[in-house]
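The values are calculated or read from the model by the stated rules, or taken from the named source; none is laboratory data. What you are looking at is a predicted structure, and each value in this text was computed from that prediction instead of being measured. Cβ placement follows ideal geometry from the backbone for every residue including glycine, while neighbour counts extend to all protein chains displayed.
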Amino acid sequence: MKDKPVNTADLRPWYREPWPWILAAGPFVVVVAGIYTAWLAVISNDGLVTEDYYRKGLSANQTIARSELAAKLGLVAGVRITGDTLSVQLKAGDKSFLMPPTMLVTISHPTRAGLDQSKVLAGKGDRYSGEVRLPAAGHWLVLLEDERKTWRLMGNVILPANGETLIGTTESAVPEDIRH
């Protein structure tokens with residue numbers, strides 16, 4: 001059997017064939033996507049590292065010092081949320097502690113920032129109260145501090161709560177008149 005002669009007019013150069021271009025398109029798209037991703041990584045701010053990290057670190061130390069001062073003073077707060085009313089009873093183990101006339105309260109949800117609230121509660125003696133609007137159920141972080149921000153108490157309140165939630169020093173250090 002004889003081989004059929006090849007007609008050179010039927011042969012085209014490789015770059016005129018569609019299959020090399022189709023096969024090269026996949027790696028080409030990957031290279032372009034990689035370059036675009038690298039460009040995005042270089043120009044975007046990831047937000048994880050702040051420019052003023054040293055100042056923020058000092059601020060964190062001051063926050064810790066305020067919490068330690070509250071523990072040293074033996075501050076304990078009984079927090080009660082009923083309906084639309086937040087009431088706080090503040091007690092101090094240190095007899096020289098003067099109750100502030102008002103108290104700053106920040107109520108925040110761990111995952112739903114749109115529900116966060118900050119209030120200034122007016123006080124009568126060791127009791128402070130004000131209006132809040134919270135869903136009937138949920139986990140809330142409560143931050144209590146005086147207006148001068150010299151001390152702070154932070155704790156959790158889980159709604160619906162049966163009674164008062166204590167925030168502050170350990171249960172054994174809680175004064176008898178605040179325990180129910």
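Any residue in region 28-41 that is modelled with pLDDT of 90 or more and touching a helix residue (DSSP H, G or I) at 6+ places or on another chain (Cβ under 8 Å)?
Checked against the condition, which is being modelled with pLDDT of 90 or more and touching a helix residue (DSSP H, G or I) at 6+ places or on another chain (Cβ under 8 Å), region 28-41 yields no hits at all.
Which ones in region 92-130 are more than 24 Å from the chain's Cα centre (by Cα) and closer than 18 Å to ALA71 by Cα?
Kept after step one, since they are more than 24 Å from the chain's Cα centre (by Cα), are these residues of region 92-130: 92-102, 122-130.
ALA92, GLY93, ASP94, LYS95, SER96, PHE97, LEU98, MET99, PRO100, ASP126 - these are the residues of region 92-130 that are more than 24 Å from the chain's Cα centre (by Cα) and closer than 18 Å to ALA71 by Cα.
Counting just the residues of region 113-167 that are touching an Asp or Glu at 6+ places or on another chain (Cβ under 7 Å) and either outside any loop (DSSP other than H, G, I, E, B) or at pLDDT 90 or above (or both), which one comes out nearest to ARG80 (Cα to Cα)? Full working, then the answer.
Residues of region 113-167 touching an Asp or Glu at 6+ places or on another chain (Cβ under 7 Å): 131-133, 151-152.
Then drop every residue that is not either outside any loop (DSSP other than H, G, I, E, B) or at pLDDT 90 or above (or both), which leaves 131, 151-152.
Numbers: GLU131: 12, TRP151: 20, ARG152: 18 Å.
Among those that are touching an Asp or Glu at 6+ places or on another chain (Cβ under 7 Å) and either outside any loop (DSSP other than H, G, I, E, B) or at pLDDT 90 or above (or both), it is GLU131.
If I ask for residues that are over 23 Å from LEU159 (Cβ atoms), surrounded by 11 or more Cβ atoms within 10 Å (Cβ to Cβ) and either polar (S, T, N, Q) or not assigned by TED's automatic domain parsing to the domain that holds ILE158 (or both), which ones from region 76-133 would you list?
THR102
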